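Before any comments, here is the structure.
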Amino acid sequence: MQQTTESQSWVNEDGAALERLLRQRHSVRGFLARPIPAPLLTRVFELAQLAPSNVNAQPWRVDVLSGGAAERMRNALLHEAASGAGESPDYPITVVRPGEYRTRQIDAAKALFSATGVKREDLVARQESFLGNFRFFGAPHVAFLSMPDWCGVREAADVGMFAQSLMLALTAHGLASCPQSSLSHYAAVVKRELNIPDDMRVLFGLSFGYEDPDHPSNVVRTSRLPIEEAVAFTR
Ligand SMILES: Cc1cc2nc3c(=O)[nH]c(=O)nc-3n(C[C@H](O)[C@H](O)[C@H](O)COP(=O)(O)O)c2cc1C
């Protein structure tokens, strides 16, 4: 990415702060048990609530779990995964990605396995690593993001905007997060535990809290395509 220089008149403090936050945010898969103080917890969700949405419909429903509620959900999801019951997602799980998308998925998995010492061919270790999702990677907080069943992909984009706003707000306050589609794999369990009405659909979840700086997975950083390959500027 092109670096800014002092000679560029549009360089300002806000831009520099935003760039810092965007670069600093990364998916964290090892958290400290330390809970977030309640006023700060409210604050980051207040900021996320400023996210834009189609016709300002604000189609997201957000369930934030801490303490015993997070623990009960962790146990319920792990129990369901261990029971051999089938997954119950509200939206199909993307299993096969074509071509370059699959290559990027494999590269991301390789980086994670290499950092945590998991051998690709060790299916037991890989499954154990996946179960970390349902342990919320040790985070004391988890949020589930849902939307009503009338929503389509445009509203799913709205929920995504809420999520990125939330992740940047967390980063700005010294906190970390991991967005997780895997937390929607057992949507029926999530809805049962939280009494979420049946006409709501769980899109994904997000574990968050204070990053554990010593957790081996947290050294992983992903790359991005060069801008020329992702963005077309036309005059
Ligand atoms: C909607 C969404 C769902 C994701 N689901 C998972 C997940 O289930 N488990 C996981 O470990 N990471 C998950 N991720 C994290 C991605 O792997 C990560 O964002 C990507 O590799 C880029 O890395 P970065 O977030 O560190 O920049 C998800 C990310 C998004 C945006």
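The values are calculated or read from the model by the stated rules, or taken from the named source; none is laboratory data. Computed from a predicted model, the values in this text were never measured in an experiment. Cβ placement follows ideal geometry from the backbone for every residue including glycine, while neighbour counts extend to all protein chains displayed. Ligands, DNA and RNA are excluded from the accessible area calculation, which covers all protein heavy atoms including side chains. Shrake-Rupley method; radii C 1.70, N 1.55, O 1.52, S 1.80 Å.
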Practice item. Just need a number here: residues in the range 116-132 that are open to solvent by less than 60 Å² (accessible area, probe 1.4 Å), outside any loop (DSSP other than H, G, I, E, B) and of a type outside the set (Val, Ile, Thr). Key: 3
Check your understanding: Got at least one residue in the range 71-89 being at pLDDT 95 or above, within 16 Å of the ligand (Cβ to nearest atom) and open to solvent by 60 Å² or more (accessible area, probe 1.4 Å)?
Key -> yes
Check your understanding: Pick from the range 173-185 the residues that are more than 12 Å from the ligand (Cβ to nearest atom) and open to solvent by less than 60 Å² (accessible area, probe 1.4 Å): which of them is nearest to Asp107 (Cα to Cα)?
Key -> Leu175
**Study point:** Matching residues, the range 90-115, being among the charged types (D, E, K, R), loosely packed, with under 15 Cβ neighbours inside 10 Å and in contact with a helix residue (DSSP H, G or I) (Cβ under 8 Å, 6 or more places away or on another chain)
**Key:** Arg97
Exercise for review: Kindly provide the set of residues from the range 38-70 that are open to solvent by 30 Å² or more (accessible area, probe 1.4 Å), more than 26 Å from Glu155 (Cα to Cα) and touching a residue at least 12 places away in the same chain (Cβ under 8 Å), ordered by number.
Suggested key: Leu40, Ser66, Gly67
Check your understanding: Quick one: how many residues across the range 13-37 are open to solvent by 70 Å² or more (accessible area, probe 1.4 Å), over 22 Å from Asn133 (Cα atoms) and either of a type in the set (A, V, I, L, M) or touching a strand residue (DSSP E or B) at 6+ places or on another chain (Cβ under 9 Å) (or both)?
Key -> 2
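So that you can scan it fast, the table gives a plain yes or no per residue for (1) within 30 Å of Pro197 (Cβ to Cβ); (2) part of a helix (DSSP H, G or I):
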residue: Gly15; (1), (2): no, yes
residue: Leu18; (1), (2): no, yes
residue: Leu22; (1), (2): no, yes
residue: Leu47; (1), (2): yes, yes
residue: Leu50; (1), (2): yes, no
residue: Val55; (1), (2): yes, yes
residue: Pro59; (1), (2): yes, no
residue: Val62; (1), (2): yes, no
residue: Gly68; (1), (2): yes, yes
Check your understanding: Taking Trp150, is it away from the ligand (no atom under 16 Å from the Cβ) and out of contact with any His (no Cβ under 7 Å at 6 or more places or on another chain)?
Key -> yes
**Study point:** Yes/no for His141 being away from the ligand (no atom under 12 Å from the Cβ), touching a residue at least 40 places away in the same chain (Cβ under 8 Å) and surrounded by fewer than 20 Cβ atoms within 10 Å (Cβ to Cβ)
**Key:** no
